[in-house]
Amino acid sequence: MASTEMKARFPLLLLLGILFLASVSVCYGIVSHDKEDDDRRPWWPEPEREEEKHHQRTRGSEEGEKEERERHQEPGHRERARQEGEKEEDERQPWWQPGRGEEEGEWRGSRRLEDPDERERVRERTERAKKWRRETEERDTPRRPHHRESEEEEGSSSSSSSESSRRSQRRNPFYFRSSSSRFQTRFQNEYGYVRVLQRFDERSKLFENLQNYRIFEFKAKPHTVVLPHHNDADSIVVILSGKAIITLVNPNDRESFNLERGDVLVHPAGTIAYVANHDDNENLRIAKIIIPVNRPGEFQAFYPSNTEPQESYLNGFSRNILEASFNAEYNEIERVLLRGGEQRQEQGLIVKVSRDLIQQLSRHAKSSSRKRTSSEPEPFNLRSRDPIYSNEFGKHFEINPNRNSQLRDFDIFLSSTEIREGSIFLPHYNSRSTVILVVNEGRGEFELVAQRKQQQQRRNEEDEEEEEEQPRIEAQRFRARLSPGDVVVIPAGHPVAINASSDLNFIAFGINAENNQRHFLAGGDDNVISQIEKVVKEIAFPGSAEDIERLIKNQRNSHFANAQPQQREEGGHGRRGPLSSILGAFTK
C-alpha cells in the first residue's frame with residue numbers, strides 16, 4: 001500500500017524538482033545578464049548633446065521594461081532576444097561611437113586575455129577609434145575652397161553671395177578683415193583711435209616665424225596731438241594719408257619731421273615720441289610694423305602723463321624717490337605732474353589743439369626728401385626712387401635693405417604698389433620673404449595658392465589594410481575681397497595674384513628680405529616658367545614645347561596686365577593652354 005502511494009506521488013515530486021531547477025536557472029541568467037551589462041559600459045564619455053542624452057534616457061527606460069518582460073520568458077528565448085537587441089542597438093549607434101559589447105576599457109581576468117574573440121573585438125574597437133579621430137580631424141579641417149568658394153562667391157543672388165563670401169573669408173587664415181574682431185582697439189575717442197592686429201601665430205601655425213611682429217594702425221582728425229609716450233618695441237612708421245609732425249626725443253636733443261603720404265620713419269624702442277596732424281582737412285592715417293624687444297609678440301606703451309585709459313608711470317614711484325629725484329616737495333610734484341591737465345585726461349591719448357600750437361610744432365620740423373638716398377637715420381619716402389615695375393596697368397615701388405641701412409638692421413623691405421582699375425598684379429611668389437600687405441585705398445581681390453595633403457576620407461572606407469598610402473598633394477586656393485584697412489599675409493613660396501576692381505593701393509612689409517627674389521609665373525619679363533628648357537617643359541607639361549612657348553608669349557605685358565584675358569576680349573577665340581597644371585588654382 002505504501003509502495004503504491006509513493007508511486008502515485010513520484011510524478012508530483014519530479015515536477016516540483018523541475019520547477020525548482022528552472023527557477024534557479026532563471027535567477028542565475030538574470031544575474032549574469034546584469035553583470036555582463038555592467039562590464040560592457042563605455043570606457044570613454046559619449047558626446048554630450050542634449051538630444052542624445054534624452055534619447056539615451058528614453059532608451060534606458062525601454063530596456064528596463066524589456067528586461068522585466070524577459071524575466072517571464074524561458075532562458076533560451078530570453079538570451080536570443082537579448083542578442084537581437086544588442087545587434088539592433090549597434091546598428092542604431094552612430095558610426096563614430098563604439099558599439100555596445102565592444103566598449104570594455106580593459107580586460108578583466110586572464111581568461112579574457114586568452115580569448116581570441118575578445119582580442120579580435122578589441123582590435124576592431126581600436127581601429128574604429130583611430131578612424132573616428134582621423135575623420136574628426138579631417139572634418140574640422142577647412143574644406144578645399146577650390147570648389148566651394150567658387151560656388152559661393154559666384155552665386156546668382158547678391159545677398160547670398162555676400163554672406164557666403166564672408167563665410168569663406170572667415171575660413172581664410174591669410175586674410176584679416178579690417179572690420180573684424182581680430183583688430184584690438186587700445187584707445188578710441190572722438191578724435192581718433194589706436195588699434196593693433198592680433199598676433200599672427202595665434203591665427204595659424206603657418207605664421208610661427210611672425211610671432212615677434214605686430215601690425216599697428218592709427219587714425220587722428222585734423223589739429224590733434226598724440227601725447228608723448230615710448231614703447232618697449234622698435235617700429236617702422238609709414239604715412240598712409242594726411243600730414244604728420246612726428247617728434248623723437250632723445251636724452252640730449254629732439255628732432256621733428258614733417259611727413260606726408262609714403263614717408264617712412266624708424267622709431268627706436270624706448271624713444272619718446274609725439275605726433276601731430278597739421279592738415280586742416282584730411283585725417284592722418286599711419287601703419288606701423290612693431291618688433292617687441294622684451295616678450296615676443298607683446299609690447300606696451302608708457303606715458304609720463306596721466307590720461308583717461310592709462311596712468312602715468314611716475315605714479316608708480318614712491319614719494320621718497322620722487323622727492324629725491326626732482327629735489328622738490330611731493331605736493332608740488334603732484335600738482336605739476338600728477339594731478340594737472342585734467343582736461344587732457346578726460347580727452348585721453350589723442351587731444352584736440354589749436355592751429356597756433358600746430359604751427360609752433362611745425363616751425364622747426366624737417367621735411368622728408370624724396371631724393372634722399374635713405375642711408376642716414378632720417379625719414380625717407382617709398383617713392384624716392386623709380387618704380388622697379390611699371391606700365392600702363394600698375395606701378396611697384398620698393399626699398400630693400402641693400403638700399404637702406406635702417407631697414408638692414410631689421411631685415412625688412414618696404415614696398416608700395418598701385419594697380420589700375422581692371423588690372424592684375426600677375427601671379428608670382430617670393431623666394432624667402434613673408435609679406436604682410438596692408439590695403440591703403442581702393443578695392444580688389446587676391447588669390448593665394450597653398451598646398452595640403454589630399455582628403456583622407458576619399459579612401460575606400462571598407463579597405464582595412466594597414467598599408468601606408470602616399471598622399472597626393474592638392475593645390476588649395478584662398479581668396480578674399482580687399483578693402484581699405486585689410487591685412488593679408490603671403491608666406492614665402494606661396495603664389496599670389498591681385499586684381500583691382502577700382503584703383504588699388506597697398507603697402508607691404510617683407511620679413512626676411514635679404515637675398516629675396518620675386519618670381520613671376522606669367523608675363524613677358526622675369527617669367528621663371530619661360531627659363532625652363534624646352535625638353536624639360538615637354539616632360540613636365542601635357543603640351544608640346546612649341547605650344548608652351550606660344551602660350552607664354554601670349555602675355556606681352558610684364559608684372560601688371562589687363563585682368564580680362566585676351567581671348568575673352570576677342571570673343572572667346574583663344575586657345576586653352578597646356579599650363580593649367582601650374583595656374584589651375586587661380587582659375588574658376
In nm, the gap between the two label points placed 7 Å beyond Cα toward Cβ at ALA540 and SER362 is 5.5
Net charge contributed by nearby residues that have their C-beta within less than 10 Å of GLU549 (K/R +1, D/E -1) = +2
With each label point set 7 Å from Cα along the Cα-Cβ vector, what nm distance links ARG123 and ASN281?
-> 8.2
In nm, what is the difference between 0.36 nm times the number of residues separating ARG186 and LYS131 and their Cα-Cα distance?
-> 15.3 nm
Roughly speaking, what is the stretch gain from GLU421 to ASN315, that is 0.36 nm per residue apart minus the C-alpha to C-alpha distance, in nm to one decimal?
-> 32.8 nm
Please arrange ARG550, ARG355, ARG420 by counting, for each residue, the other beta carbons lying within 10 Å of its beta carbon, fewest first.
-> ARG355, ARG550, ARG420
Between GLU378 and GLN451, what FRET efficiency comes out of the Förster formula 1/(1 + (r/R0)^6) with R0 = 45 Å and r the beta carbon distance, rounded to 0.05?
-> 0.55
At 0.36 nm per residue, minus the direct Cα-Cα distance, what do LYS553 and ASP503 gain on full extension? Give it in nm, one decimal, please.
-> 15.3 nm
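Given a Förster distance of 51 angstrom, what is the FRET efficiency for GLU323 paired with GLN531, based on the Cβ-Cβ distance and rounded to 0.05?
For GLU323 and GLN531, the calculated efficiency is 0.10.
Can you tell me the FRET efficiency between HIS519 and GLU332 if r is taken as the Cβ-Cβ distance and R0 is 56 Å, rounded to the nearest 0.05? Numbers along the way, then the final one.
Details: r = 65 Å, r/R0 = 1.17.
Once rounded, the FRET efficiency stands at 0.30.
Where a number appears in this text, it was derived from the coordinates with a stated rule and is not lab data. Keep in mind the model is a prediction, meaning the values are calculated, not measured. Neighbour counts are summed over all protein chains in view; Cβ atoms, including those assigned to glycine, are modelled from backbone coordinates with ideal geometry.
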